[in-house]
Amino acid sequence: MKRNLTADEIAEHIDKIDKIGYTILKNVIPKEAIAEMAAAFEPVWTENLDKIMNDPNRGSMRHYITLPFTRPFYQDTYHGNGDLFAIARAILGDDAYAMQFASDTPAKGSIYQDWHSD
């Protein structure tokens, strides 16, 4: 799997995740792919909003929604990205893999969650 980041850059991203809970990999996922996924997610979010508000499964105003392994949600741009895999495996171990693709998106009024591996 092709990687563009150096070992030092990957270490910097891992350090950011450890310190602040996230990192941003600029110019890794094309803006068009993000826009396509966002547009497709909007009806999924709307369809689940009642559950998010009334029966959340991940804490107050937070719901885990499984997404399909099909476009526009599943794309090689990010699911087959060597840099993303290198960062994930450095944190989770070499045997980490994606058995589900999902959104655990907080809605307004959700309670902050500390960083955790899922």
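The candidate values were (1) 15.1, 42; (2) 15.5, 45; (3) 25.6, 78; the one computed from these coordinates for Rg and Dmax of the Cα atoms in Å carries the label (2).
By how many degrees, between 0 and 90 and to the nearest 10, does the Cα long axis of helix 82-92 differ from the longest principal axis of the chain? The answer is roughly 80 degrees. For the chain, the tally of Lys pairs with Cα-Cα distances below 22 Å comes to 4, considering only residues 8 or more apart or on different chains.
Laboratory data are not the source of any read-out in this text; all were calculated from the coordinates shown. Note that the coordinates shown come from a computational prediction; the quantities given were computed from them, not determined experimentally.
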